[in-house]
Amino acid sequence: MIKIKRIKLDRIEHSEYGVEHWCKVYTRYRGQFFKTWQLVLADDELNSYQLAYELVKRIKEVKAHVKSVSKIKKFSIFN
């Protein structure tokens, strides 16, 4: 099970695609904490509640991202 512990807005950029919200998402997965980056695109700037709502709606995507990061973390070039 994955739990989102904290969402921190890093920066907001305006691009041709819309308003880009770059977030640091702190999660807990299998007893370990992970910090991943997530991009939320919107037409207008979102407040913290709207941003959290969008990320909770995309929990499957966040979970897949954390799973892939956890596999890479176990990888070692010395083995």
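Taken together, the values in this text are just the output of simple stated rules run on the coordinates, not laboratory data. If you're wondering where the values come from, they're calculated on a predicted model, not measured in any experiment. FYI the Cβ positions are ideal-geometry reconstructions off the backbone, even for glycines, and counts take in every protein chain you see.
Approximating the spin labels as points 7 Å out from Cα along Cα→Cβ, the A42-to-I4 distance works out to 1.2 nm.
Evaluate the Kirkwood expression for the hydrodynamic radius of the chain, namely the inverse of the mean inverse distance over all pairs of different C-alpha atoms, and round to one decimal in Å.
Computed over the chain, the radius equals 13.5 Å.
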